[in-house]
Amino acid sequence: MSEFIQHTINGLSLGSIYALVALGYTMVFGVLQLINFAHGDLFMMGAFIGFYFIRLIHFFFGHDSSSLSSPSGVLFSMTVIVVSMLGTALLGMVMERLAYRPLRKSPRINLLITAIGVSLFLEYGGQLLFGASPEFFPTILSKQAIALPGGVILDSTQVLIFSTAVVLMLLLHFLVFKTQFGRSMRAISHSLEHASLIGINVNKVIMITFMISSALAGAAGVMYSISYPKIDPLMGLLPGLKAFVAAVLGGIGNIKGALLGATLLGLAETYVAGYISSSYRDALAFLVLIVVLLLRPSGILGSKKIEKV
Amino acid sequence: MLAFIAIGCILNMLFTMSFDVLNDFHQISFLKPMREQSLISPYYYSVLLLLGINIILSTSLALLNGFTGLFTMGHAGFMAIGAYTAAYVVKSYLPTAAPMLQLFTALAVGSLSASLFGLCIGFAGLRLSGDYLGMVTLGFSEIIRVSLLNIEAVGGARGMTDIPQFINLGMVTLIALIVIILVKRIRDGRFGRAMFAVKENEMAANLIGINPLEVKVRAFVLSSALAGVAGVCFAFSEGYLSTQTFTFVKSFEIIAMNVIGGLGSLSGAILGGAMLSLLPEVLRKVQDFTGVDIRMVLYALTMILIMILRPKGLLGQKEWKWLSSPN
């Protein structure tokens with residue numbers, strides 16, 4: 001039983017990282033009907049921005065390993081996450097302005113190919129800039145095991161990841177459902193044309209949506225590298241794809257669906273790796289996806305579109 | 001029908017002709033890669049080989065993405081199935097057979113196994129449309145890849161080695177030409193019109209007596225069989241298979257070939273396939289000039305720029321004269 005709880009904790013921690021990335025996918029899909037394949041690479045850029053920021057701090061203020069476990073360690077991790085979010089938000093803005101906005105009126109498949117192009121650009125640009133060999137993400141928060149009753153071990157980094165993810169999601173929920181901006185964003189996801197007719201500045205809202213979704217990916221990138229500290233320019237590919245699968249699982253375009261899908265996927269992955277075999281771990285996400293889509297063709301929470309003549 | 005038989009006869013002749021040359025090659029040295037014995041330099045040989053294989057892939061995807069309007073993101077999976085099954089069958093059951101027999105077995109096994117998977121995915125994907133179909137095909141191809149990675153009989157993570165290399169550049173060119181002509185004839189025939197009808201409006205197609213489900217499944221089977229052929233060409237010319245070749249990145253590349261050339265155009269698929277295979281090699285010259293490995297960055301930029309400047313692809317809906325439709 002304690003093993004099961006342990007897997008559940010690990011799964012929730014992984015699922016919350018997937019959720020942050022999946023939310024970005026689903027928001028961009030909501031406003032533009034675009035599968036932003038470059039999203040996984042923003043995740044990678046987030047990790048690298050965090051990495052270089054930590055190096056900069058260590059260069060100027062020295063490397064003090066005693067502060068890792070103290071509250072200042074937590075504070076420092078938060079700062080790194082915020083800096084990464086700002087950096088990726090800026091990158092997302094530039095990306096939208098230069099690559100996606102010129103294509104606003106062209107067919108969707110063009111946007112998709114452009115997204116693939118942007119993704120390749122970030123990956124190879126990353127290899128050029130950061131080098132192709134993996135880097136080691138410095139430890140900014142020491143792993144402190146918190147023993148719970150029943151032999152279950154809670155990691156301090158897991159607590160940080162999970163709580164940060166929850167805070168970010170609550171903020172997002174507030175932004176999307178309680179503010180004027182969120183209202184215009186939801187209007188655009190209903191119909192871009194109608195939204196522009198009633199005086200919503202479509203370009204501005206889409207740009208801010210891109211910035212928010214990129215910032216979430218950047219935060220997820222830092223959190224992922226805190227728990228799996230090997231980072232390289234291609235690290236975003238698989239987590240990005242899995243987060244996308246999570247978004248589709250829940251019903252793409254649906255924010256609650258992305259959360260549900262990501263949590264399910266994180267749990268399923270850790271259970272399979274723990275109880276069956278870790279070699280099929282990467283295939284599992286897709287198996288779950290196929291089964292769910294065959295039973296419910298538009299995802300778990302997705303709304304069905306009825307085709308009319 | 002008669003035309004098909006006639007083409008078949010001519011191709012048979014061509015096959016046997018090229019095989020005389022091939023048998024000579026095999027007598028010289030069986031395991032030596034043929035690229036070392038060809039007239040052009042090994043580098044250009046590999047580039048042209050890849051070009052031929054990419055054109056086969058791009059043409060086969062045109063059947064689904066371009067003609068039937070089915071958005072699939074898992075073409076590399078079909079290619080992997082064709083390549084691995086054919087290589088496994090030839091390696092374990094026909095290791096010493098005549099190259100001719102090996103080639104025909106490989107092509108038959110590769111295309112059949114791939115089309116079998118295409119049939120399954122076609123049926124499974126019938127309920128889905130748009131992006132969801134794309135996701136399911138992507139999922140299938142990744143499952144195929146991870147499964148191949150875990151099957152020890154085909155080499156697992158080490159990859160499959162020592163595959164007889166009896167397919168040379170001439171053979172790939174020939175197969176690519178056959179595939180192009182075949183796809184052109186399919187497009188111009190009754191079935192081709194049905195595919196375009198389903199793409200334009202499924203419900204209207206249904207009203208004029210076309211069964212859209214049947215058309216979709218048949219398009220899947222045909223397209224995956226051709227992708228399997230491309231896999232066979234790849235396996236028996238490289239001599240080495242690794243699952244790293246068949247990731248979703250490869251599938252995206254094939255879609256990009258179609259869209260950059262012009263979605264819905266056969267000539268576009270060929271042009272796009274040729275362009276995306278040659279572009280990295282052309283950019284190698286730029287790299288000599290700049291000194292840093294900026295090649296793939298420029299490749300990605302070119303992709304984005306083509307999409308922004310020519311949203312319908314390089315050719316749009318147009319066809320070259322020799323591939324244009326008579327009706």
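The values are calculated or read from the model by the stated rules, or taken from the named source; none is laboratory data. Note that the structure is predicted; figures quoted are calculated from it, not measured. Please note: Cβ atoms are built from the backbone with ideal geometry, for glycine as well, and neighbour counts cover all protein chains shown. Side chains are part of the model used for accessible areas, which takes the heavy atoms of the whole protein and leaves out ligands, DNA and RNA. Shrake-Rupley method; radii C 1.70, N 1.55, O 1.52, S 1.80 Å.
So, in the stretch A:259-281, of the ones that are over 21 Å from A:Ile161 (Cβ atoms) and either at pLDDT 90 or above or within 13 Å of chain B (Cβ to nearest Cβ) (or both), which residue ends up surrounded by the most Cβ atoms within 10 Å (Cβ to Cβ)?
A:Tyr280
Tally the residues that are open to solvent by 40 Å² or more (accessible area, probe 1.4 Å), part of a loop (DSSP other than H, G, I, E, B) and either closer than 20 Å to B:Ile56 by Cα or among the hydrophobic types (A, V, I, L, M, F, W, C) (or both), restricting the search to the stretch B:307-319.
Adding up the residues that qualify gives 4.
Of the residues B:Ile294, B:Ile270, B:Ile304, which is farther than 27 Å from B:Pro42 by Cβ, hydrophobic (A, V, I, L, M, F, W, C) and open to solvent by less than 60 Å² (accessible area, probe 1.4 Å)? Walk me through how you get there before you give the answer.
Values: B:Ile294 fails: farther than 27 Å from B:Pro42 by Cβ; B:Ile270 fails: farther than 27 Å from B:Pro42 by Cβ.
Selected residue: B:Ile304, the only one of B:Ile294, B:Ile270, B:Ile304 that is farther than 27 Å from B:Pro42 by Cβ, hydrophobic (A, V, I, L, M, F, W, C) and open to solvent by less than 60 Å² (accessible area, probe 1.4 Å).
List the residue pairs whose Cβ atoms are under 7 Å apart, where the first residue sits in the stretch A:286-301 and is more than 7 Å from chain B (Cβ to nearest Cβ), the second is among the basic types (Lys, Arg), and the two are 6 or more positions apart or on different chains.
That search, which allows pairs on different chains as well, returns A:Leu301/A:Lys256.
Which residue out of A:Ser133, A:Ser106 is outside any helix (DSSP H, G or I), in contact (Cβ under 8 Å) with a residue 60 or more places away in the chain and either open to solvent by 20 Å² or more (accessible area, probe 1.4 Å) or in contact with a helix residue (DSSP H, G or I) (Cβ under 8 Å, 6 or more places away or on another chain) (or both)?
A:Ser133
Among B:Leu126, B:Leu119, B:Leu103, B:Leu148, which is touching a residue at least 24 places away in the same chain (Cβ under 8 Å) and open to solvent by 50 Å² or more (accessible area, probe 1.4 Å)?
Exactly one residue qualifies, and that residue is B:Leu119.
Select, from B:Asp188, B:Asp131, B:Asp162, the only residue that is over 21 Å from the mean Cα position of the chain (by Cα), of a type in the set (D, E, K, R) and open to solvent by less than 70 Å² (accessible area, probe 1.4 Å).
Details: B:Asp188 fails: over 21 Å from the mean Cα position of the chain (by Cα); B:Asp162 fails: open to solvent by less than 70 Å² (accessible area, probe 1.4 Å).
Going through B:Asp188, B:Asp131, B:Asp162 in turn, the sole match is B:Asp131.
Is at least one residue of the stretch B:169-182 outside any helix (DSSP H, G or I), touching a residue at least 40 places away in the same chain (Cβ under 8 Å) and away from every other protein chain (no Cβ under 14 Å)?
Looking for residues that are outside any helix (DSSP H, G or I), touching a residue at least 40 places away in the same chain (Cβ under 8 Å) and away from every other protein chain (no Cβ under 14 Å), one finds none in the stretch B:169-182, hence no.
Could you check the stretch A:1-50 and list, in sequence order, the residues that are surrounded by fewer than 24 Cβ atoms within 10 Å (Cβ to Cβ), assigned to a helix (DSSP H, G or I) and within 14 Å of another protein chain (Cβ to nearest Cβ)?
A:Phe29, A:Gly30, A:Leu32 - these are the residues of the stretch A:1-50 that are surrounded by fewer than 24 Cβ atoms within 10 Å (Cβ to Cβ), assigned to a helix (DSSP H, G or I) and within 14 Å of another protein chain (Cβ to nearest Cβ).
A quick yes/no check of all residues on (1) among the hydrophobic types (A, V, I, L, M, F, W, C); (2) at positive phi; (3) part of a loop (DSSP other than H, G, I, E, B):
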| site | (1), (2), (3) |
| --- | --- |
| B:Tyr45 | no, no, no |
| B:Leu49 | yes, no, no |
| B:Phe71 | yes, no, yes |
| B:Ala87 | yes, no, no |
| B:Leu133 | yes, no, no |
| B:Ser147 | no, no, no |
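From (1) surrounded by fewer than 20 Cβ atoms within 10 Å (Cβ to Cβ); (2) not in a loop (DSSP other than H, G, I, E, B), pick out the condition that doesn't hold for B:Lys216.
Against the list (1) surrounded by fewer than 20 Cβ atoms within 10 Å (Cβ to Cβ); (2) not in a loop (DSSP other than H, G, I, E, B), B:Lys216 comes up short only on (1).
If a residue counts only when it is closer than 30 Å to B:Thr137 by Cα, which helices (runs of 4 or more DSSP H) contained entirely in the stretch A:173-254 have at least 3 such residues?
Working: elements: A:180-190, A:192-197, A:202-227, A:237-250.
In the stretch A:173-254, the matching helices (runs of 4 or more DSSP H) lie at A:180-190, A:202-227, A:237-250.
Select from the stretch B:220-273 the residues that are more than 11 Å from the chain's Cα centre (by Cα) and among the polar types (S, T, N, Q) and list them in ascending order.
Of everything in the stretch B:220-273, those that are more than 11 Å from the chain's Cα centre (by Cα) and among the polar types (S, T, N, Q) turn out to be B:Ser237, B:Ser242, B:Thr243, B:Gln244, B:Thr245, B:Thr247, B:Asn258, B:Ser265, B:Ser267.
With (1) in contact with a Ser or Thr (Cβ under 8 Å, 6 or more places away or on another chain); (2) of a type in the set (A, V, I, L, M, F, W, C); (3) over 24 Å from B:Ile121 (Cα atoms) as the list, and B:Ile181 as the residue in question, which single condition is left unmet?
Single failed check for B:Ile181: (1).
Quick one: count up the residues across the stretch B:278-302 that are within 11 Å of chain A (Cβ to nearest Cβ) and either of a type in the set (Gly, Ala, Ser) or outside any helix (DSSP H, G or I) (or both).
4
Can you name the condition, by its number, that A:Leu238 falls short on among (1) within 12 Å of another protein chain (Cβ to nearest Cβ); (2) touching a helix residue (DSSP H, G or I) at 6+ places or on another chain (Cβ under 6 Å); (3) modelled with pLDDT of 85 or more?
Unmet for A:Leu238, out of (1) within 12 Å of another protein chain (Cβ to nearest Cβ); (2) touching a helix residue (DSSP H, G or I) at 6+ places or on another chain (Cβ under 6 Å); (3) modelled with pLDDT of 85 or more: (2).
Which residues, taken from the stretch B:273-291, are loosely packed, with under 15 Cβ neighbours inside 10 Å and within 18 Å of B:Ile260 (Cα to Cα)?
Residue satisfying the conditions is B:Val282 alone.
Select, from A:Lys204, A:Lys256, A:Lys230, the only residue that is away from every other protein chain (no Cβ under 14 Å) and in contact with a strand residue (DSSP E or B) (Cβ under 8 Å, 6 or more places away or on another chain). Talk me through it step by step, then tell me what you get.
Values: A:Lys204 fails: in contact with a strand residue (DSSP E or B) (Cβ under 8 Å, 6 or more places away or on another chain); A:Lys256 fails: in contact with a strand residue (DSSP E or B) (Cβ under 8 Å, 6 or more places away or on another chain).
It is A:Lys230.
Among the candidates A:Ile146, A:Ile188, which residue alone is surrounded by fewer than 14 Cβ atoms within 10 Å (Cβ to Cβ), more than 14 Å from every other protein chain (Cβ to nearest Cβ) and among the β-branched types (Val, Ile, Thr)?
Testing whether each residue is surrounded by fewer than 14 Cβ atoms within 10 Å (Cβ to Cβ), more than 14 Å from every other protein chain (Cβ to nearest Cβ) and among the β-branched types (Val, Ile, Thr) leaves just A:Ile146.
Can you report the number of residues in the stretch A:247-258 which are open to solvent by 10 Å² or more (accessible area, probe 1.4 Å) and touching an Asp or Glu at 6+ places or on another chain (Cβ under 8 Å)?
The total comes to 1.
Report whether or not B:Gly156 is at the interface with chain A (Cβ under 10 Å from one of its Cβ atoms), open to solvent by less than 10 Å² (accessible area, probe 1.4 Å) and within 19 Å of B:Tyr240 (Cβ to Cβ).
So B:Gly156 fits the description; yes.
Could you run through the stretch A:203-230 and say how many residues are open to solvent by less than 30 Å² (accessible area, probe 1.4 Å) and of a type in the set (Phe, Trp, Tyr)?
Of the residues in that region, 1 qualify.
Mind telling me which of the residues A:Gly92, A:Gly126 ends up being assigned to a helix (DSSP H, G or I), more than 14 Å from chain B (Cβ to nearest Cβ) and either crowded, with 19+ Cβ neighbours inside 10 Å or not hydrophobic (A, V, I, L, M, F, W, C) (or both)?
Of A:Gly92, A:Gly126, the one residue that is assigned to a helix (DSSP H, G or I), more than 14 Å from chain B (Cβ to nearest Cβ) and either crowded, with 19+ Cβ neighbours inside 10 Å or not hydrophobic (A, V, I, L, M, F, W, C) (or both) is A:Gly92.
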